[in-house]
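A.B. asks: Sending over a structure as structure tokens; questions will come in a sec.
FYI, it's all coordinate maths here, none of it is from the lab. Keep in mind it's a predicted model, so treat the numbers as computed, not measured. Heads up, the Cβs are rebuilt from the backbone with ideal geometry, glycines too, and the neighbour counts pull from every protein chain shown.
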Amino acid sequence: MAAESPPRTVMRDQITSQPALLRDMVEPAAQQVADALRNVKPQHWQAIYTAGCGDSFYAGLACEMAFARFSRLPVKALAAMPFARYEADQAPTSAGLFGISNSGQVARSIEAVALARAAGLDTVAVTGNVESGIAREAAAAVAVPIAPMGRAPGIRSYTVQLVSLLLCAIRVGELRQVLTAAEADRWRQRLVEIADCMAATIEAVDVPAREAAERFGDHEDWVFLGSGPHYATALFSAAKLVESCGANAWGQDIEEWGHIQFFNSREPTPTCLIVPPGRSLDRALELLSHVKAVGRRTLVVAQGDPASLPVNVDVFLPVPHPVPELFAPLVYCLAGELLAYYLAEARQSQFFQPTGGVSGAGDRLRESRVLRRLDELSSD
């Protein structure tokens, strides 16, 4: 009988499996997307929303730019509760909601879909479970199952959500005739090719991520910075640290750091900038000098060479190959995943550590009243 893997290595196995996962899922997921969108009418939409909790919220936020680019519609990515209780009854009825939940059983995410339907919106569930509550609640479902690999902070599930949403964005653009069929096929092929970028990045980032974890493993506070779709990557990366080893980590928009965290009195706080080529790169490089000047331990996830940066940084986490900014969240999250894994290893941490003796059971997320009618919302 083979020896059981140490529990923490499950997380590393999930990380390294992602390139193959992406290659294998694009074609069947694209067919699911095509089938699902036959049940709604993106041609008539005036706006697009995404809603989810935790990683599912970040996935929607990471794909907001792609939906806007391919659909030429206003797009708003919200956490599930703000969408359900503060947005759904104000949304245009000629709009679409992508409700996102891997398990499909999170109460607030189901509620977001239910109240969107009650408000007259088209609803599409993006989930890993076709039999789940969110899939049953929505008018259509993209349900890509994920083979289990043991209990660990969500890694593969996030990749599946990103790929599913990006394929939805491409297909919406095709149905709205923003993209020709040939252009849509080229974008789908470019998505498959991201697997090679992921594999190269995992190899390039592995050693510096381990060294960073060993060097800064005693720091409790961590900050991740990004903007646009990379703000989602910052939030996701911070979440993986919290889940893997209980660190006090959070994500922040690059510009907002200059307004708020600049004044944090904890000078050595490790601060990681996620800066792909794109619309926020110039401002990120400007602020990097200030991050360094106030004494932060600096980490940078970027393409190219550390010599191209305006200042020397403590840790450079390289992305070897160029990636379209629309697809960058699939690649630039890998550094945070590996850093979270190696921090857990350095600290010998248990994943999802109980807080104050309270277990991490999901009843706080799933066993909750779900609103399904707009008249259940209180109003002034």
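A.B. asks: Just how far, in whole angstrom, is region 1-67 from region 194-258 if you go by their alpha carbon centroids?
C.D. replies: The two parts, judged by their Cα centres, are 19 Å apart.
A.B. asks: Let me ask something else. For a quick check, take a GNM of the chain with Cα springs below 10 Å and name the residue from MET25, MET149, MET11 with the largest mean-square fluctuation.
C.D. replies: MET149
A.B. asks: Mind giving me the FRET efficiency for GLN353 and ASP24? R0 is 30 Å, r the Cβ-Cβ distance, nearest 0.05 is fine. Provide the component values of the computation, followed by the final result.
C.D. replies: On the way: r = 33 Å, r/R0 = 1.09.
Here the calculated transfer efficiency is 0.35.
A.B. asks: Output the relative contact order of the chain, whole-number percent, from Cα pairs under 8 angstrom with separation of 6+ residues.
C.D. replies: Numbers: 765 pairs, mean separation 72.8, N = 380.
RCO, the chain: 19 percent.
A.B. asks: Given all pairs of different Cα atoms, what value in angstroms does the Kirkwood hydrodynamic radius of region 1-121 take?
C.D. replies: Numbers: mean 1/r = 0.0622 Å⁻¹.
The Cα-based Kirkwood calculation yields 16.1 Å.
A.B. asks: Quick one: compute the contact order of region 115-258, relative version, from alpha carbon pairs under 8 angstrom and 6+ residues apart, as a percent. Write out the running numbers ahead of the final one.
C.D. replies: Numbers: 137 pairs, mean separation 19.8, N = 144.
Once divided by the residue count of region 115-258, the mean separation gives 14 percent.
A.B. asks: What distance in nm lies between label points placed 7 Å from Cα along the C-beta direction at ARG215 and GLN31?
C.D. replies: The modelled label-to-label distance comes out at 4.8 nm.
A.B. asks: While we're on this one: What residues of region 208-250 lie in the reach of a label at ASP13, counting those whose backbone N is under 17 Å from a point 7 Å from the Cα along Cα→Cβ?
C.D. replies: none
A.B. asks: How much length would be gained if the chain were fully extended between ARG72 and SER368, taking 0.36 nm per residue of separation minus their Cα-Cα distance, in nm to one decimal? Please list the in-between numbers first.
C.D. replies: Details: separation 296, 0.36 × 296 = 106.56 nm, distance 3.64 nm.
Difference between extended and current length: 102.9 nm.
A.B. asks: In Å, what is the Rg of the alpha-carbon atoms in region 305-358, and how long is Dmax?
C.D. replies: Expressed in Å, the Cα Rg and Dmax of region 305-358 come to 15.9, 47.
A.B. asks: Taking 0.36 nm per residue of separation and subtracting the Cα-Cα distance, what length does fully extending GLU256 through HIS290 add? Show your work: numbers first, answer last.
C.D. replies: Working: separation 34, 0.36 × 34 = 12.24 nm, distance 1.30 nm.
Gain in length upon complete extension: 10.9 nm.
A.B. asks: Can I ask one more? Rounded to the nearest 500, what is the chain's calculated 222 nm mean residue ellipticity when only DSSP H runs of at least 4 contribute -39500 (n - 2.57) each, over all residues?
C.D. replies: After summing the helix terms and dividing by residue count, I get -14500 deg cm²/dmol.
A.B. asks: Taking the Cα centre of each part, how many Å lie between region 135-166 and region 303-348?
C.D. replies: 24 Å
A.B. asks: So, R0 is 56 Å and r is the distance between the beta-carbons of ARG151 and HIS44; what FRET efficiency does that work out to, to 0.05? Walk me through the numbers on the way to the answer.
C.D. replies: On the way: r = 42 Å, r/R0 = 0.76.
Efficiency computed from Cβ-Cβ geometry: 0.85.
A.B. asks: What is the log10 of I(q)/I(0) for the chain, computed with the Debye formula using one identical point scatterer on each Cα and no solvent, at q = 0.10, 0.11, 0.13 Å⁻¹?
C.D. replies: Once normalised to I(0) and log-transformed, intensities are -0.62, -0.76, -1.06.
A.B. asks: Here's a follow-up. For region 197-347, rounded, prolate or oblate, judged on the Cα gyration tensor with a ≥ b ≥ c (square roots of eigenvalues), a/c < 1.5 rounded, else prolate if a/b > b/c? List each step's numbers first, then the result.
C.D. replies: Working: a/c = 1.38, a/b = 1.04, b/c = 1.33.
Note, shape of region 197-347 comes out rounded.
A.B. asks: Could you rank the peptides 319-327, 163-171 by their average count of other C-beta atoms within 10 Å per residue, with the highest value first?
C.D. replies: Numbers: 319-327: 19.4, 163-171: 27.1.
Peptide ranking by packing, descending: 163-171, 319-327.
A.B. asks: Hey, can you rank 92-105, 301-314 by average C-beta count inside 10 Å, highest first?
C.D. replies: Numbers: 92-105: 23.9, 301-314: 15.9.
Averaged packing, sorted descending, gives the order 92-105, 301-314.
A.B. asks: Provide the per-residue ³J(HN,Hα) series for region 155-164, in order, calculated from phi with Karplus coefficients 6.51, -1.76, 1.60 and θ = phi - 60°, each as a whole number of Hz, with x at glycine and proline positions.
C.D. replies: 10, 4, 4, 5, 4, 5, 5, 4, 5, 4
A.B. asks: What is region 197-347's relative contact order, in percent, from Cα pairs under 8 angstrom and six or more apart in sequence? Mind showing how you got there, number by number?
C.D. replies: Values: 286 pairs, mean separation 53.0, N = 151.
Relative contact order of region 197-347: 35 percent.
A.B. asks: What ranking do 208-215, 115-122 get when scored by the average of other Cβ atoms within 10 Å per residue, highest first?
C.D. replies: Details: 208-215: 18.6, 115-122: 21.6.
Packing proxy ranking, top to bottom: 115-122, 208-215.
A.B. asks: Arrange the following residues from fewest to most other Cβ atoms within 10 Å of their Cβ: ILE274, ILE155.
C.D. replies: Values: ILE274 32, ILE155 28.
Ranking ILE274, ILE155 by Cβ neighbours within 10 Å, fewest first, gives ILE155, ILE274.
A.B. asks: Quick query: amide H of VAL142 versus all other amide H atoms, modeled in the peptide plane; which residues come in under 5 Å with a sequence gap of 5 or more or a different chain?
C.D. replies: Under 5 Å from the amide H of VAL142 lie the amide H atoms of ALA125, VAL126, THR127, each far enough along the sequence or on another chain.
A.B. asks: Full-extension gain between GLU267 and ALA200, please, as 0.36 nm times their residue separation minus the C-alpha to C-alpha distance.
C.D. replies: Numbers: separation 67, 0.36 × 67 = 24.12 nm, distance 3.32 nm.
20.8 nm is the gain from fully extending GLU267 to ALA200.
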